[in-house]
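The values are calculated or read from the model by the stated rules, or taken from the named source; none is laboratory data. Since this is a predicted model, take the numbers as computed values, not measurements. Here Cβ is always computed from backbone atoms with ideal geometry, including for glycine, and neighbour counts include all displayed protein chains. What goes into the accessible areas is simple: the full protein's heavy atoms, side chains included, and nothing from ligands, DNA or RNA. Shrake-Rupley method; radii C 1.70, N 1.55, O 1.52, S 1.80 Å.
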Amino acid sequence: MAANTLFNDALTVVNVGLAGFAENIASAGGACIPLQWQPPAQGDRAAGWALAQTLSHPVVEQANAVAFARFLEAQPVLVGIAPARETIAAMADGRRLVLHAGPPIEWGAMCGPVQGAILGAIVLEGWADSVDAAQRLVADGKIAFEPCHHHRAVGPMAGIISPSMPLFIVENTTAGNRAFCNMNEGLGKVLRFGANNTEVITRLRWMASVIAPTLRAALARTGPIELKPLMAQALNMGDEVHNRNAAATGLLFKRIAPALVEADVTRDAAVGTLGFLAGNDHFFLNLSMAACKAMLDAAAGVPNSSMVTVMARNGVNFGVRLSGTGDAWFEAPANPVDGLYFPGYSIADAAADLGDSAITETAGVGGFAMAAAPAIVKFVGGTPTDAIHHSLRMRAITLGTNPAFSLPALDFAPGAAGIDARKVVDCGVLPVINSGIAHRVAGVGQIGAGVTTAPMACFAGAVKALALQLQQAGALS
């Protein structure tokens, strides 16, 4: 208690001292430059004290070195494609389980796009023959909902995964851990934005019956595809592998097309699959997400590490997980996305930040690598200089850099990686995320794209939990 009082008193002295310093300059006739300093955790004194206890703590520093090394050493490789019921154990034995993006949330609290996508998935699985019937199943408690991240999976926007959906299987060959992601449907009326009409369901069934087995046949010819080098090359070609995947999808196409010429598939299947990839620049996004998930899961589970291994949003809340605090989620209301809106739409029409795709930023790409993708600003707003600024600022909150991912605009310097929750709280720089914007009403679809940040409260809560854990373990004096 005495230590807390001392900390609070010191914080007050600093605040008063800085305010007086500014007033003295002004009263002396000098041009007073507005001070940008603010207390840690935006004035959350409990978080500030937790920061003081954990910052430079040898136990945390050692744990972070282990977690970050595991992250850097991870080698994500595409090794297979299979239905979710065969890859996610919780979906075995016919369990009616639907996975969604972000931290846990009850049906009644879900945003429109997530609810709409879940209803579509129920129809897709044949558990109901209409959206209305699907709604009744949900009301009767016949459908279970859980986050993708609870099952080593990720999904963009609504993030929906149901048993029949084909999943990419990505393995970290260094440690053997696996991660999963569904397939990207393209743009327009799609399930991930909450659309659930006949067109959407028909496309998903076609993807499961044609795209998945065709790509599986191609993968049998190519062998496992290393994703980290492909992502690195795409970064050098103008992608940031979150909202811009034109180069990465093209590189994947180059690997797949020759294999399909020799694979045992029909001409129609090969033409349909290649045409789908060629017309969908976002196709690689889901592979990028699975690769990032596999790399970050390699760093998870290191006791007392403050490294962030998950950032995810469900359209209502933003959730963060640390390597060193187990399965705990640290949540806060998701921020709106500031960006460019399609004609006729504005921020008033938008759902809050949504999707598991922030796993890319968690791994040091996406918004963290915007300097590599100057063209992205035409999609999310701002200027190429802003993109460089975002990438440079992220160095203030990370454990280091990732030499595998270099940024040409920064003289091929390695990108910032390994978000340290303590540093976020300490300096007040929030992780930047570039994201698509979903309409708040299910099925309307994407209405823009832009840039947002993770909420400070998530990291403040995480640091407080880490300090409590150290205290309970007797590591704090």
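Can you find even one residue in the stretch 365-375 that is surrounded by fewer than 17 Cβ atoms within 10 Å (Cβ to Cβ) and either part of a helix (DSSP H, G or I) or under 15 Å from the mean Cα position of the chain (by Cα) (or both)? Scanning the stretch 365-375 turns up at least one residue that is surrounded by fewer than 17 Cβ atoms within 10 Å (Cβ to Cβ) and either part of a helix (DSSP H, G or I) or under 15 Å from the mean Cα position of the chain (by Cα) (or both). Listed by position, the strands (runs of 3 or more DSSP E) contained in the stretch 251-347 that have at least 1 residues being basic (Lys, Arg) are 308-314, 317-322.
Beta carbons closer than 6 Å, at least 6 apart along the sequence or on distinct chains, pair a first residue in the stretch 94-115 that is farther than 22 Å from Ile359 by Cα and touching a residue at least 60 places away in the same chain (Cβ under 8 Å) with a second that is among the small types (Gly, Ala, Ser) and assigned to a strand (DSSP E or B) for Leu97/Ala144. Taking the stretch 109-148 as the range and being open to solvent by less than 50 Å² (accessible area, probe 1.4 Å) and acidic (Asp, Glu) as the test, the residues that pass are Glu125, Glu146.
Conditions (1) touching an Asp or Glu at 6+ places or on another chain (Cβ under 8 Å); (2) polar (S, T, N, Q); (3) closer than 28 Å to Met231 by Cβ, marked per residue:
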{"position": "Asp297", "(1), (2), (3)": "no, no, yes"}
{"position": "Val302", "(1), (2), (3)": "no, no, yes"}
{"position": "Thr309", "(1), (2), (3)": "yes, yes, yes"}
{"position": "Arg313", "(1), (2), (3)": "yes, no, yes"}
{"position": "Gly326", "(1), (2), (3)": "no, no, no"}
{"position": "Ala332", "(1), (2), (3)": "no, no, no"}
{"position": "Leu340", "(1), (2), (3)": "no, no, yes"}
{"position": "Tyr345", "(1), (2), (3)": "no, no, no"}
{"position": "Asp353", "(1), (2), (3)": "no, no, yes"}
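Quickly run through the stretch 88-105 and pick out the residues that are within 21 Å of the chain's Cα centre (by Cα) and more than 18 Å from Arg440 (Cβ to Cβ). Ile88, Val98, Leu99, Pro103, Pro104 - these are the residues of the stretch 88-105 that are within 21 Å of the chain's Cα centre (by Cα) and more than 18 Å from Arg440 (Cβ to Cβ). Summed over the stretch 153-190, the residues that are over 20 Å from Ala212 (Cα atoms), open to solvent by 20 Å² or more (accessible area, probe 1.4 Å) and at pLDDT 95 or above give a count of 5. If the condition is being assigned to a strand (DSSP E or B), out of contact with any Gly (no Cβ under 6 Å at 6 or more places or on another chain) and not aliphatic (A, V, I, L, M), then the stretch 402-427 contributes Pro403, Ser406, Pro414, Asp420. The set of residues in the stretch 42-77 that are open to solvent by less than 40 Å² (accessible area, probe 1.4 Å) and more than 17 Å from Ala299 (Cα to Cα) comprises Gly43, Ala47, Gly48, Ala50, Leu51, Thr54, His57.
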